[in-house]
Each structure stands twice: as C-alpha cells, then as structure tokens.
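Novice: My questions all concern the structure below.
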Amino acid sequence: QSGLDFTYSSFDATNLNGFMSGPLSDSLKARIAFDMSHGGAWQKSYTHGDELGNTDVKRARLLVDWQALENLKFRLNVNGWSDRSDAVAAQMININLQNPEVADEVPDVVNYPKAPGNARAADWDPNNPPNRDESFFQTALRGEYTISDALLLTSVSSFSKYRQDNLIENDGLALDDNAERQEGKVKSLAQELRLSGVFAEDRANWVAGVAYSKDKVEERNTGILPDSSPAHLPPNNFAQILTYAQPTVKNSAVFGNLDFKVQENLNVHAGARYTETDSDYTGCLSGDTNFTALFAPFNPNLQPGDCITVNNFVPGLQKLELKERVPLQHRTVTK
C-alpha cells in the first residue's frame, strides 16, 4: 500500500506527505512515512517591508516488524524531524516609559512607531530575523522472546536526541533591543528488561523487571540587549546576559506486579517498586563585564566576566548533586 497527498494554501504554503507499507518477505514487513511543509510567510514588517513566517518542517518515520524465529520477534521504530522555520515576531503596541531619564539614552526605542492595527504587521531586526533551528531523532526497539507458553521475556530499548539553536525577538522592533538566543541539546537513553508469565491454571499473571534511564541536558540562553535601556544607563550598563545549565539525571528501578483471580468475583492485585535517582547539575549566570559588576557589592572577589550563582554570588560554575533512594513501595488491591 502507498499514498501521496499535496496541499497548497494561502501565502504560498505547501505540504507534501506520503507513506508506503507492505511485506518485504514472509517474516519481515515495513512502513515508511514522511511529511514536509514549506512557505507560508504571513507577517510583514511595517518599517522595512520584509516578510516572515515561512515554514520549513520535515518529518519521517520507519516501522519494521521482524519475526526472526517462531518464538522471537522484534519491532523497530525510527523517527525524526527538523524545523528550520521562521519564528514569529512580536507587535510593538505601546512603550511604558517608567523612567523619563531613559528617553535621552534610547531615543530610537522611545520614538519607535507603533504597529498598525493589522494582524500581519510586525517588526524585527532585518539583519537577525527570528528563526528556529531544531532537530529530533529517536529510535526504539522492542524484542519479545517466548520462552514457553507461560513465560515471556521482553526488552524495550530507546535512544533520543534533540538539538536547538533558536533566535527569539521579544521587542517587536527593528533594533537589538531585546532578543534571546536559545541553544541546547538533550540526549536520553532508556532500557527496560522484564519477565512475565502465568501460573495456577492462568488465574495468576505476574511481571518482574528492571529499568534504567539517563537524561543529559545542556542549555544556554543569551539575552541580547545592545539597544535596550540597561545597555545605556550608567554606572553598570550591560548589553548581554547568559544563563548556562547542564543537568544529568539517572534512574534505576526494580519492580514486580501480581494479579491473582481468587474466585469469579474476587481479584487480588499486588505490586512493588524500588527506585534510585541520581541528579547532577552544573550551571551559572553571566554576562558582559558590566553585568558582573552589578554583583560586586555582594562579593568583592568577583572579576569581570565571572560566571556566578545569584543565591551565593560565588564565582565559577556551580556543581550540585542530589541522590534519592525511594524505599520499597508496594500496593495491594482487592476487589
């Protein structure tokens, strides 16, 4: 079987998607599908005339079922997507000038024309238009081995990876007044292995297994403020703020569950689980030279450009650890 579909809509937006599936052999079958979207720029700058809002998204997925042996089968899922679309720009509808002294420092911001009453009208820096650059990949494999009519071994493995490098415009101006670059990546690995079966003439169903997962994240957010009031107000005018974080979380667990049919209208359900979680965190806050100087009164040892943590103003990357041991949990339900 196969299919293909194409759509054309307003603002020259297009979408193409399709699929193909079927057996490759007596023991192997597969399905592949894809989806692509392009175009659709619907926003327009009311000062420089550029357009924004184009979509550039691609998605794909592959499914494979393989009956390797009479008592052994696998199911594979591979999927991913990428998004390199324009990000949406803001509309500047009003400026709340709380400090009149700012007006002389940032006249281009204070006197900026307001957006007209049009949903399409917006504004952004034409040299650095807001955009998204994101991608995701995932693969998962499930295997089942039938040891006997009453015993089944199951393995579930997965790996996923995400990355982003986005530029977000927060101000609705064709200036570098308030923009943010969001960079980051995530890697996740998970594995579960379990045995399940029946006994007592199929009146009892049980499962027991172990699970492990590891999630590693790295995130960097940069505030870009060269045309903003903080960049022009002495004595500690600053034009950049940077936050950095790198948490890693590991989970391990042992679990078991039992369902037992005592009689026609009486069932007993019992389960138990023990979990260990180890969390490591590294992170800090920094910026340009003058940004660090803001915190010098709290710690005279701070040097220009130091990375700090606000709660204690200690320079350098801060490293924290948290170990959690969840005691054996159990539950019993009778109905």
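The values are calculated or read from the model by the stated rules, or taken from the named source; none is laboratory data. All figures in this text were calculated on a predicted structure; none of them were measured in a lab. When we count neighbours, we look across all protein chains shown, and the Cβ atoms used for this are built from the backbone with ideal geometry, even at glycine. SASA here: full protein model, heavy atoms, side chains in, ligands and nucleic acids out. Shrake-Rupley method; radii C 1.70, N 1.55, O 1.52, S 1.80 Å.
Novice: Just the residues that are open to solvent by 50 Å² or more (accessible area, probe 1.4 Å), under 30 Å from Thr275 (Cβ atoms) and at pLDDT below 85, please, taken from the range 301-325.
Specialist: Hit for the range 301-325 is Asn311, nothing else.
Novice: Across the range 58-92, what is the total count of residues that are β-branched (Val, Ile, Thr), in contact (Cβ under 8 Å) with a residue 40 or more places away in the chain and either crowded, with 16+ Cβ neighbours inside 10 Å or not in a strand (DSSP E or B) (or both)?
Specialist: 1
Novice: All but one of (1) open to solvent by 30 Å² or more (accessible area, probe 1.4 Å); (2) in contact with an Asp or Glu (Cβ under 9 Å, 6 or more places away or on another chain) hold for Ile147; which doesn't?
Specialist: (2)
Novice: Within the bounds of the range 275-288, is there any residue that is within 22 Å of Leu225 (Cα to Cα), open to solvent by 40 Å² or more (accessible area, probe 1.4 Å) and either among the aromatic types (Phe, Trp, Tyr) or touching a residue at least 40 places away in the same chain (Cβ under 8 Å) (or both)?
Specialist: Yes, because at least one residue in the range 275-288 is within 22 Å of Leu225 (Cα to Cα), open to solvent by 40 Å² or more (accessible area, probe 1.4 Å) and either among the aromatic types (Phe, Trp, Tyr) or touching a residue at least 40 places away in the same chain (Cβ under 8 Å) (or both).
Novice: How about the range 121-136: which of its residues are surrounded by fewer than 16 Cβ atoms within 10 Å (Cβ to Cβ) and out of contact with any Asp or Glu (no Cβ under 7 Å at 6 or more places or on another chain)?
Specialist: Asn127, Asn128, listed by residue number.
Novice: Considering only residues of the range 1-57 that are touching a Phe, Trp or Tyr at 6+ places or on another chain (Cβ under 9 Å) and among the basic types (Lys, Arg), which is most open to solvent (accessible area, probe 1.4 Å)?
Specialist: Lys29
Novice: Restricting attention to the range 222-244, and to residues there that are touching a Gly at 6+ places or on another chain (Cβ under 9 Å) and either surrounded by fewer than 16 Cβ atoms within 10 Å (Cβ to Cβ) or among the aromatic types (Phe, Trp, Tyr) (or both), which single residue is modelled with the lowest pLDDT?
Specialist: Phe238
Novice: Regarding the range 9-16, can at least one residue be identified that is out of contact with any Cys (no Cβ under 7 Å at 6 or more places or on another chain) and more than 30 Å from Arg163 (Cβ to Cβ)?
Specialist: So far as the range 9-16 goes, yes, one or more of its residues are out of contact with any Cys (no Cβ under 7 Å at 6 or more places or on another chain) and more than 30 Å from Arg163 (Cβ to Cβ).
Novice: Turning to a different aspect of this structure: Which of (1) farther than 30 Å from Val64 by Cβ; (2) in contact (Cβ under 8 Å) with a residue 12 or more places away in the chain does Pro107 not meet, given it meets every other one?
Specialist: (2)
Novice: Kindly establish whether Glu180 is acidic (Asp, Glu), out of contact with any Pro (no Cβ under 7 Å at 6 or more places or on another chain), in a strand (DSSP E or B) and within 25 Å of Asn99 (Cα to Cα).
Specialist: yes
Novice: Related question: Counting just the residues of the range 198-220 that are at pLDDT 95 or above and open to solvent by less than 60 Å² (accessible area, probe 1.4 Å), which one comes out farthest from Thr248 (Cα to Cα)?
Specialist: Only one residue fits best here, namely Val207.
Novice: Give the residue, chosen from Ala41, Ala30, that is modelled with pLDDT of 95 or more and not in a strand (DSSP E or B).
Specialist: After ruling out the rest, the residue left standing is Ala41.
Novice: Of the conditions (1) in a strand (DSSP E or B); (2) more than 25 Å from the chain's Cα centre (by Cα); (3) of a type in the set (Gly, Ala, Ser), Gly49 clears all except one; give me its number.
Specialist: Looking at each condition in turn, Gly49 falls short on (1).
Yes or no, residue by residue, for (1) closer than 22 Å to Arg325 by Cα; (2) over 32 Å from the mean Cα position of the chain (by Cα):
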site	(1), (2)
Gln240	no, no
Ala253	yes, no
Gly256	yes, no
Phe260	no, yes
His269	no, yes
Tyr281	yes, no
Gly287	no, no
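Novice: Taking the range 93-121 on its own, how many of its residues are assigned to a loop (DSSP other than H, G, I, E, B) and either in contact with a Cys (Cβ under 7 Å, 6 or more places away or on another chain) or of a type in the set (Gly, Ala, Ser) (or both)?
Specialist: 3
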